[in-house]
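The values are calculated or read from the model by the stated rules, or taken from the named source; none is laboratory data. These numbers come from a predicted model, not from an experiment. Ideal geometry is used to build each Cβ from the backbone, glycine not excepted, and the neighbour counts take in all protein chains shown. These area figures cover heavy atoms from the full protein model, side chains too; ligands, DNA and RNA do not enter into them. Shrake-Rupley method; radii C 1.70, N 1.55, O 1.52, S 1.80 Å.
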Amino acid sequence: MSGEEEENAAELKIGDEFLKAKCLMNCEVALILEHKYEQLQQMSDDPTTQISQVFEKSLQYVKRFSRYKNPDAVRQAREILSRYPLAEFELCVLGNLCPETVEEAIAMVPSIKNRVRALD
């Protein structure tokens, strides 16, 4: 993105690096952190192994705001959302917020407006 253009997520003007980045929904992050937490728990016999407060708080946060709890539901949510022409971050925002209508989705992620309307 050139220095002259102003970033605007509502219009999907967010920079090439961000558009190409792999994003994760809260529920996906929760699965990853839970797996890592289990690994750290198994190593807890080692007194030098400690779980940081930041790690624990991050895990609590993503678990609290995850809409899907089981791994199959997480995969299914991403699979369904991947059927639409969404940028990675748009997919994750919609997966995290779970709008009930197209209008609600557009209100949450204005950058999808023209692409979603074309699918109707």
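With the convex hull drawn around the C-alpha atoms of the chain, the volume per residue stands at 136 Å³.
The long axis of helix 88-97 is offset from the longest Cα principal axis of the chain by roughly 70 degrees. The residues of the range 11-120 expose, per residue, 70 Å² of accessible area to a 1.4 Å probe. For LYS13, the residues whose modelled amide H falls within less than 5 Å of its own, excluding neighbours fewer than 5 places apart on the same chain, are ASN8. Longest stretch of the chain clear of exposed loop sites (GluC sites (Glu not before Pro), DSSP loop, at most 11 other Cβ atoms within 10 Å, sites excluded): 8-99. Cβ distances below 4.7 Å define possible disulfide partners, and in the chain the cysteines left without one are CYS27, CYS98. The local environment of LEU59, defined by Cβ-Cβ distances under 10 Å, has a net charge of +2 under the rule Lys, Arg +1 and Asp, Glu -1.
Can you give the longest stretch of the chain with no exposed loop site, where a site means trypsin sites (Lys or Arg not before Pro) in a DSSP loop (not H, G, I, E or B) with at most 13 other C-beta atoms within 10 Å? Provide the component values of the computation, followed by the final result.
Working: sites that count: LYS22, LYS69, ARG83.
So the longest stretch without any such site is 23-68.
Compared with the dominant principal axis of the Cα atoms in the chain, helix 53-64 is inclined by about 50°.
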